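First the structure, in the form of structure tokens, and then the observations on it.
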Amino acid sequence: MPIFDFLSGQFIDVIEWTDDTRDTMVYRFERYGHEIKYGAKLTVREGQTAVFIHEGQLADVFTPGLYMLETNNMPIMTNLQHWDHGFKSPFKSEIYFVNTNRFTDLKWGTKNPIMLRDPEFGPTRIRAFGTYTVKVADAGRFMTEIVGTDGEFTTDEVTFQIRNIIVQQFSQTVAGSGVPVLDMAGNTGEFGKLVAQKISETIAAYGLTLPELYIENISLPPAVEEALDKRTSMGVVGDLGKYQQFAAAEAMQAAASNPGGDGGMGAGLGMGMGMAMANQMANTGPWGAQPQAAPAAPPPPPVEHVWHIAESGATKGPFSKAALGRMVASGEMTRETMVWTQGQDGWMKAEDVTELAQLFTVLPPPPPPPPAG
């Protein structure tokens, strides 16, 4: 083998990575001991970032573009390689390509129910699940905090931790919102944005961000859902009396369609149900249940008036009607006596007041007793 071919095989002069997977977040460029040629071409495509690790230290980071690896665009590497005076030589570094595209359709869900206090149901439990997207926002921090020396880092290696963070933040957000469970379906969009924002603040320390989070479903325990279904069914039925009539008619029709079953039992059952239905309809009327008239309420008790008497420029009282009767009997009160009571338009003579006029009626004496035997 010519010496030129041997030497050219020891140096790498083109560095690039094309991703044919959907879950690779970081790929280490394999050089198999070959040194990188000074002046080599580095191609970083859209959705990628190239990170150089030199002797265990984070060196230069390259965003999308075409680069010639020289001292003018490798300031950190130049310092680490002591190329301050323009020294040019091959070098050995680990090169990692970081995928900065969004990784979509990642699943999350609550492994255990979330306890919360609902304003309508009281203490209850809910479950939830959905999808989210994750993206590398800081390739250098992501390499140092998460990836390390992993040659091929996939989403499976980080999504488990992110799912735990999502569930924690979702639990805190929903439990502290005060939104009733029945209204949560109309607020999933706001919940998702709020949870994604809080999670992005947490995972920013890993160099990651959470652009989107979707809540696909929030469910109650089966027993609670069954009770809600029954409540909904009652609302759909509406008038329970009419529903019973309809159900009776259905049963009667079904029984009549099988008259020969078990010695005419079906026919008898149909007749019995028909009679019961007829009696019910006779009581309720042709148009459904007729409201029964409520019993008339007793009249309010009569108002007991009290009276005042004007005498010699002064007033006396108040006196009850019985007291005024005794005063009439004793002569202390006459027909001309001026009287007044609450609601009366001014002072009036006692004989002009209908309620008091009867006090001055002289009863006729009783007839003589019948003769003795």
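Computed from the coordinates by the stated procedures, all read-outs in this text should not be read as laboratory data. It should be emphasised that the depicted structure is a prediction, and the values quoted were computed from it without experimental measurement. Every residue, glycine as well, gets a Cβ built from its backbone with ideal geometry; the counts of neighbours run over all protein chains shown.
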TODO: Measure off 7 Å from each Cα along the Cα-to-Cβ vector at ALA314 and ALA249, then give the distance between these two points in nanometres to one decimal.
DONE: 8.4
TODO: Subtract the Cα-Cα distance of GLN358 and GLU157 from 0.36 nm times their separation in residues, and report this length gain in nm to one decimal.
DONE: 61.8 nm
Open item on the list: For the pairs LYS41/LYS107; LYS135/LYS193; LYS111/LYS135; LYS107/LYS198, flag any whose C-alpha to C-alpha distance is greater than 27 Å.
Closed with: LYS41/LYS107
Open item on the list: Around VAL339, under 14 Å between beta carbons, what's the net of Lys plus Arg minus Asp minus Glu among the other residues?
Closed with: -3
TODO: For ARG231 and MET348, compute 0.36 nm times the residue count separating them, minus their Cα-Cα distance, and round to one decimal in nm.
DONE: 35.4 nm
- [ ] Can you check what the net charge comes to around PRO64, using other residues whose Cβ is under 11 Å from the Cβ of PRO64 (Lys, Arg +1; Asp, Glu -1)?
- [x] 0
